[in-house]
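A.B. asks: What follows is a structure written as structure tokens; I'll ask about it next.
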Amino acid sequence: MIPWAIISAVNGDLKLAIALFILFAIIMIVHQLLEPRIVSGHIGTHPIFTLIAMYTGFKLSGVVGLFIGPIVLIILQNVFETMIDNGIVKTLLDRK
């Protein structure tokens, strides 16, 4: 949308260019605020943990990590929930 807005501005259609920039800003804000909530709602984790997993995955392995990060988060969450449900964590903490 940015190139379209720039080309429209250069061609003299400032109304369209401004409207495209505003629309782009709205889309980016909604994307940044709502995507983590939607993704976390579907995978069953808190939005902040989903964001952390996406960011960590991106930093470790690039764009592919954006998808791998939340998957690893789900796996770790399930492993730890299973360990807690089976009492493994309690057993480990009771040993002294």
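A.B. asks: Six or more apart or on different chains, Cβ atoms under 7 Å: show the pairs whose first residue is in region 51-63 and under 16 Å from Glu35 (Cα atoms) and in the same structural domain as Ile38 (by TED's automatic domain parsing) and whose second is at pLDDT 90 or above and surrounded by 12 or more Cβ atoms within 10 Å (Cβ to Cβ).
C.D. replies: none
A.B. asks: Would you point out which residue out of Leu14, Leu51, Leu20 is surrounded by fewer than 16 Cβ atoms within 10 Å (Cβ to Cβ), out of contact with any His (no Cβ under 8 Å at 6 or more places or on another chain) and not small (Gly, Ala, Ser)? Show your work before the answer.
C.D. replies: Numbers: Leu51 fails: surrounded by fewer than 16 Cβ atoms within 10 Å (Cβ to Cβ); Leu20 fails: surrounded by fewer than 16 Cβ atoms within 10 Å (Cβ to Cβ).
The unique qualifying residue is Leu14.
A.B. asks: Further question on the same structure: Just to be sure I understand, how many residues within region 24-83 are closer than 30 Å to Trp4 by Cβ and of a type in the set (Lys, Arg)?
C.D. replies: Total satisfying the criteria: 1.
A.B. asks: Another question, then. Yes or no: region 81-89 includes at least one residue that is at pLDDT below 80 and surrounded by 14 or more Cβ atoms within 10 Å (Cβ to Cβ).
C.D. replies: Taking region 81-89 as the starting set, the residues that turn out to be at pLDDT below 80 are 83-89.
Within this subset, residues satisfying the condition of being surrounded by 14 or more Cβ atoms within 10 Å (Cβ to Cβ) are 83.
Looking through region 81-89, at least one residue is at pLDDT below 80 and surrounded by 14 or more Cβ atoms within 10 Å (Cβ to Cβ).
The values are calculated or read from the model by the stated rules, or taken from the named source; none is laboratory data. Being a predicted model, the structure only gives us computed values, none of them experimental. Virtual Cβ from ideal backbone geometry, glycine too; neighbours counted across all protein chains shown.
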